Amino acid sequence: MAPGLLHVTMEPRPGLLPAQFHEWYNNEHGPTRLRLPHMFPNGFRYRATDGEKPTFLAVYDVTDMAHLQTPIYTDLRANRTPREGETIGQVDVNRRFFDFVNEQRSEGFVEIEKLTDEEAEGQVLVAVEVDFKTGVDAAEAEREIIAWYVQEHVPMLAKVPGWLRSRVFKTPSTVEPVGQVRIVTMHEFSKTNGLGGKEHKASMDTAWRTRVFDKYIGEKYRRMYELFYVFGPAPRELEALRTLPVEKGFVSVDGKIKTTAGEGGFVDAYWTTPDGLEIPYRLEGSPSHHAPTVALSNSLLTDLHMWDPLVEILKKERPDLRILRYDTRGRHDIPSPPVPATLDIVADDLAGLLGALRIEKLHALVGVSMGGATTLKFALKYPGKLDRYVACDFNVASSDANTAAWKERIAVAEGPEGIAKLAGITVERWFHPKTMTEKKDVAEWMVKMVGENNVRGFRYGCQALWGYDMKEEMKGCKVKGLLVVGDGDGRGALVKAMEGFKGGIGGSPELRLVKDAGHLPMCEAPEGFWDAVRDFL
């Protein structure tokens with residue numbers, strides 16, 4: 001393995017909308033590379049603070065520079081989307097490969113990708129390049145310059161307040177044609193630092209430095225930047241998207257990523273789990289990536305659009321919130337070999353999605369049915385990742401009878417009439433009689449949604465609701481919670497069940513009822529559901 005750095009400077013040309021440049025880079029270009037973690041474990045964007053151009057810098061650590069010669073990487077550039085081709089054609093780009101030589105870190109150093117955005121943004125990067133004097137022995141110059149950096153200069157920089165890390169690289173990379181050799185150093189500092197202070201000046205005023213510069217170094221090039229964006233594998237840029245004309249929305253070639261531009265714009269994309277399952281999600285609401293985020297976890301057999309009525313209310317009543325919804329494992333086909341879902345797995349799926357979106361902590365998680373069980377499991381397993389939860393229309397344990405019922409439903413879905421038959425049966429079982437008779441459009445909408453579920457996904461996804469029991473574990477719940485249930489769910493049976501177990505959950509969450517609603521109160525009576533959760537959120 002020969003690690004290194006992909007170093008890309010960019011200067012948008014006049015005429016390119018800044019929002020188009022940033023939305024393309026943050027929602028398409030960067031995440032595409034971060035979806036190759038074996039190649040690019042991280043990626044960062046910097047903005048120049050020295051008044052020089054190019055203004056923008058992107059850097060990606062590379063696990064092995066040989067990867068940059070493989071079709072996986074070269075095809076990314078050769079098969080650009082039309083949008084990428086149009087945008088990058090209006091940007092002056094300088095792409096360079098650096099081979100890793102040395103690294104020194106401060107005590108307690110934390111990689112940028114492991115920091116929150118608030119912690120990372122504003123970090124300072126000082127990038128220095130030196131080339132060799134004409135006529136010197138290149139091998140000797142390289143050896144002596146690196147020795148000075150590693151043995152004296154960086155240890156002295158380490159005394160500068162706010163110093164975090166220094167890395168030494170060599171360019172061109174061994175995977176590139178032979179060219180003029182330069183030694184590149186990348187020095188990282190905290191937002192508040194001692195650059196220009198006495199310790200910094202001392203590092204640049206030594207006999208060894210003078211000797212190295214006088215004998216070996218030709219030209220020195222120095223740039224200063226501040227970090228302003230950390231990539232993840234899941235697109236999340238809403239700020240730039242909102243200011244773009246509507247026609248600047250983007251759809252990937254495979255249709256899996258779509259950005260809807262303009263006021264109220266949103267991102268439809270996906271994240272891939274460690275076992276290869278693609279989980280579609282939608283990110284919308286407040287465009288600020290510092291906004292408090294509410295995540296919505298579906299019922300089995302539904303997709304993220306089951307939340308449409310509630311999201312419409314949330315956008316109107318709580319424009320300060322960013323909203324994340326996603327398709328739960330079991331909605332679509334699953335990877336081979338198939339593995340039955342568990343509540344632990346679906347909770348891990350959500351934690352992974354939050355990580356891919358760089359969401360450190362949710363303001364709230366709202367889930368219903370299987371999503372309700374997922375919500376409580378998530379609160380128990382990842383209490384530091386959410387401030388509060390709303391768990392709706394679910395049970396804290398399953399029974400043998402429930403497991404038998406799920407097996408019967410699988411048989412119906414796999415039978416001659418297929419999942420369409422199960423859809424009608426399920427919605428009639430779920431919904432309040434008033435919904436079925438007075439809101440037929442809602443019932444028809446849900447029957448269609450259920451009927452579009454992948455059959456194999458259902459077979460293995462519903463097993464998350466087999467044989468689970470959170471009764472003992474939930475006693476230790478540390479997260480503030482609220483329980484909600486439709487007053488007609490199971491003809492009132494689930495109301496009694498939730499009344500029975502609420503006191504066993506740590507914190508003894510309140511139980512609130514939604515009138516004239518069944519198993520999916522946010523679909524059947526969205527205003528009533530909002531009234532039940534408004535003050536808690």
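The values are calculated or read from the model by the stated rules, or taken from the named source; none is laboratory data. These numbers come from a predicted model, not from an experiment. Positions of Cβ are generated from backbone atoms using ideal geometry, with glycine treated the same way; all protein chains shown enter the neighbour counts. For the accessible areas, the whole protein counts, side chains as well, though only heavy atoms, and no ligand, DNA or RNA atoms are used. Shrake-Rupley method; radii C 1.70, N 1.55, O 1.52, S 1.80 Å.
See the values below:
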quantity: Solvent exposure, largest accessible area first (probe 1.4 Å, DNA, RNA and ligands not counted), of 393, 75; calculated: 75, 393
quantity: Net dipole in debye of the chain [+1 Lys, Arg Cβ; -1 Asp, Glu Cβ; about Cα centre; nearest 20]; calculated: 480 debye
quantity: Net charge of neighbours whose Cβ lies under 10 Å from the Cβ of residue 20, counting Lys and Arg as +1 and Asp and Glu as -1; calculated: 0
quantity: Virtual paramagnetic centre 7 Å along Cα→Cβ of residue 213, amide N under 14 Å, in the stretch 118-155; calculated: 129-131, 149, 153
quantity: Average Cα contact separation per residue, the stretch 176-321, under 8 Å, 6 or more apart, as relative contact order %; calculated: 14 percent
quantity: For the stretch 391-439 versus the stretch 62-100, the gap between their alpha-carbon centres in whole angstrom; calculated: 49 Å
quantity: Cα-based Kirkwood hydrodynamic radius, the chain, one decimal, Å; calculated: 25.9 Å
quantity: Per residue convex hull volume, Cα atoms of the stretch 278-385, in Å³; calculated: 92 Å³
quantity: Extension gain, residue 70 back to residue 360 (0.36 nm per residue minus Cα-Cα distance, nm); calculated: 101.0 nm
quantity: log₁₀ of I(q)/I(0) at q = 0.14, 0.17, 0.20 Å⁻¹ - the stretch 438-537, Debye sum with one point per alpha carbon; calculated: -0.72, -0.99, -1.17
quantity: Kyte-Doolittle mean at least 1.0 and Cα axial length at least 27 Å: DSSP H helices in the chain; calculated: none
quantity: Antiparallel %, DSSP beta bridges [both residues in the chain], to 5; calculated: 75 percent
quantity: Value of relative contact order over the stretch 390-456, rounded to a whole percent, pairs C-alpha under 8 Å and six or more apart; calculated: 31 percent
quantity: Whole-number percent relative contact order across the stretch 402-537, with pairs defined as alpha carbons under 8 Å at least 6 apart; calculated: 24 percent
quantity: Environment charge of residue 213, counting only residues whose C-beta is closer than 10 Å and scoring Lys/Arg +1, Asp/Glu -1; calculated: +4
quantity: Part-to-part distance (alpha-carbon centres) for the stretch 236-254 and the stretch 5-34, which is given in Å; calculated: 13 Å
quantity: The chain: calculated mean residue ellipticity at 222 nm from DSSP helix runs of at least 4, using -39500 (n - 2.57); calculated: -9000 deg cm²/dmol
quantity: q = 0.11, 0.28 Å⁻¹, the stretch 1-76: log10 I(q)/I(0) [Debye, one scatterer per Cα]; calculated: -0.32, -1.34
quantity: Whole-number accessible area per residue in Å² for the chain, which is evaluated in the context of all protein chains at 1.4 Å; calculated: 42 Å²
quantity: Contour excess over end-to-end distance, with Cα ends at residue 428 and residue 134 and 0.36 nm allotted per residue; calculated: 97.5 nm
quantity: Two-site label geometry, residue 91 and residue 55: point separation in nm, points 7 Å out along Cα→Cβ; calculated: 1.3 nm
